[in-house]
Amino acid sequence: MDPQTATQTLAALISNSNPQSNSTRANQLDSANQPLPVATRRISLTPFDKRVYTLLLQIPPGSFTTYSLLSKSLNSSPRAVGNSCRRNPFAPTVPCHRVVATGGSLGGFKGEHLSKIVKKTTASSDKEISRTTKKTLFTLDQKRNLLKKEGVRFDPTGQKVLGTPYAGFQCTI
DNA sequence: CCATTCCTGGCGC
DNA sequence: GCGCCAGGAATGG
């Protein structure tokens, strides 16, 4: 989508996730005539998060991009882009699943990344897949399936995406 | 192909 | 400030 729509979409997502401002809430009373507690979980994004998510929303379905290309559009670093993706509260509406590593490997999804996997080599558990491993493989499967459903092609191993990454970002903020 | 190493920028603590 | 992290590039097997 175009940059302006992306900005509006992100603003709407933030607004919808915070249906009531804390100040409004604090002025209301519960059935016992006590003030309602302020919301415990509020979505708040850093300015950098907003810049990243605005670019993500510009990626067309069926396409993908890389952390590196995003970082170049933002004059930042791939690692910083990954940081924002990891905290994305709007996945997959804000399509962080369309961001893969340079070279086509998947990277991570929903905060899970393959680097979190520790191989157990003790005799009793060397065939056992750790809890973290299962969770990570599951979330990466979700990412892969989302991309496939949108039309992104994978190599025969299913581990790498095929094609040219999208790079037509317009950073307006 | 995989492992190591160093570099990176933003953020939570 | 320090240390973590959904990355990258260079290097060496």
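Give the order of A:ILE43, A:ILE173, A:ILE14 when sorted by the count of other beta carbons within 10 angstrom, beginning with the fewest.
A:ILE173, A:ILE43, A:ILE14
What does the charge add up to near A:LEU57, with Lys and Arg as +1, Asp and Glu as -1, over the other residues with Cβ less than 12 Å from its Cβ?
With Lys, Arg at +1 and Asp, Glu at -1, the net is +2.
Among A:50-61, A:83-94, A:158-169, how do they line up by average Cβ neighbours within 10 Å per residue, starting with the highest?
Highest to lowest by the protection proxy: A:50-61, A:83-94, A:158-169.
Counting Lys +1, Arg +1, Asp -1, Glu -1, what net charge surrounds A:LYS110 among other residues with beta carbon under 13 Å of its beta carbon?
+4
Need one number: nm distance between label points at A:THR46 and A:LYS116, each 7 Å from Cα along Cα→Cβ, rounded to one decimal.
Result: 1.9 nm between the two label points.
Tell me the net charge near A:THR136. Cut-off is 12 Å between Cβ atoms, A:THR136 excluded, with +1 for each Lys or Arg and -1 for each Asp or Glu.
After counting each charged neighbour, the total is +4.
Dividing the convex hull volume of the Cα atoms of segment A:48-173 by its residue count, what figure in Å³ per residue is obtained?
Looking at segment A:48-173, the number lands at 106 Å³ per residue.
Got a sec? Which residues in segment A:133-173 would a label at A:GLN8 touch, if it sits 7 Å along Cα→Cβ and we count backbone N under 17 Å?
Once the point is set 7 Å along Cα→Cβ of A:GLN8, A:172-173 turn out to lie under 17 Å by backbone N, inside segment A:133-173.
So, in nm, how far is label A:THR93 from label A:THR164 when the simple model puts each one 7 Å beyond its Cα toward the Cβ?
Result: 3.3 nm between the two label points.
Taking the mean number of other Cβ atoms within 10 Å as a proxy for protection, how do you rank A:150-157, A:95-102 from highest to lowest?
Top of the packing list down: A:95-102, A:150-157.
None of the figures in this text is laboratory data; all of them are computed from the coordinates on show. Fair warning: this is a prediction, and the values are worked out from it, not measured in the lab. Cβ sites come from the backbone with ideal geometry, for glycine too, and all protein chains shown count toward neighbours.
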